[in-house]
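Okay, structure first, notes after.
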Amino acid sequence: MKPSSVTHTLRSVATRAPRKAQAELRALRRRRHLVSVVVPVYNVEKYVAECLDSILAQTHPRLEVLVVDDGSPDSSIAIVESIARRDKRVRIIHQANGGLGAARNTGARHARGEFLWFVDSDDVVPPRAVEVMLESLLESGSDFAVGSLVRWDSTGTHTPPWAKRVHAKTLQGRSVSDDVEILKDVFAWNKLFRREFFLRVVKEYPAGVYEDQVPSAKAYLGGKFDVLSEVVYHWRVRDDTSSITQQKATIEDLSGRWAVIDALHDAMAQAPEDVRRSWQAKVIGFDMRLYYEQIPRTDETYWDFLSGRVRGFLDDAGYDVIRDVLVADRPFVSAVYQGHRDDIARLVVRRETQTWKVPGVVQDGRPVLAPEFFDGLDLEPDEVVSDLSVDVEVVSHTDDVVIDESAVRVTGSAYLSFIDLARADHSEIAVTAVSSGATRSSSSWSDTTTPRRSDARGTRGTSTSRPGSARPSRSVSSTRRTPTGSSCRSRSTDWSARRRSRSPTREAKAGCPRSARSPSTGAGASSARRLRRTSPSAGSRRPVSRCSAPGCRAVRSSSSSRRCLRPARRSGRPRACWPRRARSRRATAVRSCGSTSRSALACPGACGPGRSRRHAAV
């Protein structure tokens, strides 16, 4: 059978097979794809064995591990050679020392896999890293996948705050305009590329430090990507500060970072305006944060270079870009721009002793930095630095929800981040509620709020909702009045419980309107109706089993020999399920091709009555 026919057969069976069989089919599809893993090696004899062992332990077995010897003077390559002798998937490529970017380019040229992954030789990866990224790409068809990461040091592992926000949930088929926050994830090693896309769009890594920034920007701007919530990389932070990314206090590192920013400026010139502005705010705030913190312990040369480049960047982008910088970094940016070096030391001490929080107040209906924040600083407040409208968020917490026949009572607290509500004259919590049913009815809700207490954290109170005339806009919790006068709570139904009984549901007994019960339309409803129709009663003593035809969910007696008719796919033509025979007290499906196996994998072909097709090999 041709490979294309096998692929079509696997796809057609996957849509009809049971859930366990579908997982097996997905695994079979993944194993057909070769993934090339490029590992540059230079002076990592303490870490390289652990790195390669974690790669070779991947749940996706079809790997090509390309270890690029970048002229390493220690015993790293001897360790790699011993690993290569016991695992033939490891291949060693030797070259003269050219840096991390050159080593990655060498590995990419020698790669033969359909997918390409870069791993640094002092880090490790979790066992399912390749499987998670590859399965997402096969499902979405995107050009590359971006997984989450954890920092790993002597104290343990933790996820950076920016990574928690960027990788909060899995999103597929994204573009940079959909989520500009992804520009913060500039690393090469938590991405799985389609090799054709990488060679066409990214092309290669430049020489020097921060070599992954420009290629990552090109990838984001030139293709579709999947953002994954799963952790696919453990990034080691060495205690000896020998890592490339731990040398922020040197002028060489600082000048190398600004050389990369200059190159990124050219790449971002063609980006949409909102993407370009977000990148500018990221550069001047997020990217420069660690360099600002080095100012108190560096010399005048470092200060002159950094302040000059920041001033030139903001003169070109516009001082108003500082509005989009997080408030924790905004005073640093403004102080460097205005030349207040002594303020940087004071701000660093504040951050280390008072965390990242800053005091805020509401003036003329706008959230701003409190005037006392600028006490002891040469920096003067202005409308750009003081503005907190980008940073303030509503934070709420629900303590208790009480539902009776006439009302819903919600007790909890809420506050505004960065805002000290103890200095406010009055604060309230406004709560709105709507029905969570599938359809809107003529019933609507109005809300009254009774504040109980106001403090520095926020306001606590109880909200009572009753039927009214105003149409609300947000769902918190709801109670509906039914035509019979009884009360029911809208909620999703546990359909697995329906399989055990045909008895009426609790909502139906209470006389709930259809819209307040389980969804009446869509895939969920059809699945529910099917389960109610085909499930046996709770007290049935007759032995039952499901029809083994692919996609058929009919339940029948083990001694039954009748056929059940079911529409075939979307064509509307009936497809007959095979008769069942009692064999050794077990119901066995007999297909026309002669198979008696129940597994969907055993017969991926379209076997059926009237056909004599043989089983296709998987």
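The values are calculated or read from the model by the stated rules, or taken from the named source; none is laboratory data. The structure displayed is predicted, hence computed values, not measured ones. Counting neighbours? That spans all protein chains shown, and the Cβs are built from the backbone with ideal geometry, glycine included. Quick note on the areas: whole protein, heavy atoms, side chains included, nothing else; ligands and nucleic acids left out. Shrake-Rupley method; radii C 1.70, N 1.55, O 1.52, S 1.80 Å.
Please note which strands (runs of 3 or more DSSP E) are completely contained in segment 348-430 and include at least 3 residues that are open to solvent by less than 40 Å² (accessible area, probe 1.4 Å) and not aromatic (Phe, Trp, Tyr).
Numbers: elements: 360-363, 366-369, 394-403, 408-416.
Result: 366-369, 408-416.
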Unique match (being of a type outside the set (Asp, Glu) and modelled with pLDDT of 95 or more) among Ser121, Ser54:
Ser54
Looking for something part of a helix (DSSP H, G or I), touching a residue at least 24 places away in the same chain (Cβ under 8 Å) and acidic (Asp, Glu) - is there at least one such residue anywhere in segment 267-274?
yes
Quick one: what pairs do we get from segment 316-332, first residue without any contact (Cβ under 8 Å) to a residue 40 or more places away in the chain and within 17 Å of Ala370 (Cα to Cα), second in a loop (DSSP other than H, G, I, E, B) and open to solvent by 10 Å² or more (accessible area, probe 1.4 Å), C-beta under 6 Å, 6+ apart or different chains?
Ala328/Trp356
Selection from segment 273-299 of residues among the hydroxyl-bearing types (Ser, Thr, Tyr) and within 24 Å of the chain's Cα centre (by Cα) yields Ser278
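Can you tell me which residue in segment 62-85 is farthest from His33 (Cα to Cα), limited to those that are assigned to a loop (DSSP other than H, G, I, E, B), open to solvent by less than 60 Å² (accessible area, probe 1.4 Å) and out of contact with any Gly (no Cβ under 9 Å at 6 or more places or on another chain)? Give the steps one after another, and end with the answer.
Taking segment 62-85 as the starting set, the residues that turn out to be assigned to a loop (DSSP other than H, G, I, E, B) are 62, 71-75.
Imposing the further condition that a residue be open to solvent by less than 60 Å² (accessible area, probe 1.4 Å) reduces the set to 71-72, 74-75.
Going one step further and asking which of them are out of contact with any Gly (no Cβ under 9 Å at 6 or more places or on another chain), we end up with 72, 74-75.
Values: Ser72: 31, Asp74: 35, Ser75: 33 Å.
Once the filter is applied, the top-ranked residue is Asp74.
Each row is one residue, and each column tells you yes or no for (1) more than 26 Å from Leu56 (Cα to Cα); (2) modelled with pLDDT under 95.
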position	(1), (2)
Ser148	no, no
Gly156	no, yes
Ser177	yes, yes
Leu192	no, no
Ala207	yes, yes
Tyr210	yes, yes
Gln213	yes, yes
Lys218	yes, yes
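State yes or no: is Arg104 of a type in the set (Lys, Arg), outside any loop (DSSP other than H, G, I, E, B) and free of Cβ contacts under 8 Å to residues at least 24 places away in the same chain? Break it down into steps so the answer makes sense when it comes.
Values: of a type in the set (Lys, Arg): yes; outside any loop (DSSP other than H, G, I, E, B): yes; free of Cβ contacts under 8 Å to residues at least 24 places away in the same chain: no.
It is false that Arg104 is of a type in the set (Lys, Arg), outside any loop (DSSP other than H, G, I, E, B) and free of Cβ contacts under 8 Å to residues at least 24 places away in the same chain.
Of Val124, Val119, which residue is of a type in the set (A, V, I, L, M), within 15 Å of Val44 (Cβ to Cβ) and touching a helix residue (DSSP H, G or I) at 6+ places or on another chain (Cβ under 6 Å)? Lay out the reasoning, then the answer.
Values: Val119 fails: touching a helix residue (DSSP H, G or I) at 6+ places or on another chain (Cβ under 6 Å).
The match here is Val124.
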Within segment 86-101, restricting to residues that are closer than 28 Å to Val260 by Cα and part of a helix (DSSP H, G or I), the one that is most open to solvent (accessible area, probe 1.4 Å) is Leu100
Pairs, please: C-beta under 8 Å, at least 6 apart or cross-chain, first residue more than 16 Å from Arg289 (Cα to Cα) and touching a residue at least 60 places away in the same chain (Cβ under 8 Å) and in segment 352-364, second of a type in the set (Lys, Arg) and surrounded by 11 or more Cβ atoms within 10 Å (Cβ to Cβ)?
Val361/Arg423
Scan segment 308-332 for residues that are assigned to a helix (DSSP H, G or I) and either open to solvent by 50 Å² or more (accessible area, probe 1.4 Å) or under 13 Å from Ile251 (Cα atoms) (or both) and jot them down.
Arg309, Arg311, Asp315, Asp316, Tyr319, Asp320, Arg323, Asp324
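Return yes when Tyr302 is over 36 Å from the mean Cα position of the chain (by Cα), under 25 Å from Val214 (Cα atoms) and either open to solvent by less than 10 Å² (accessible area, probe 1.4 Å) or not polar (S, T, N, Q) (or both) and no when it is not. Talk me through it step by step, then tell me what you get.
Working: over 36 Å from the mean Cα position of the chain (by Cα): yes; under 25 Å from Val214 (Cα atoms): yes; either open to solvent by less than 10 Å² (accessible area, probe 1.4 Å) or not polar (S, T, N, Q) (or both): yes.
It is true that Tyr302 is over 36 Å from the mean Cα position of the chain (by Cα), under 25 Å from Val214 (Cα atoms) and either open to solvent by less than 10 Å² (accessible area, probe 1.4 Å) or not polar (S, T, N, Q) (or both).
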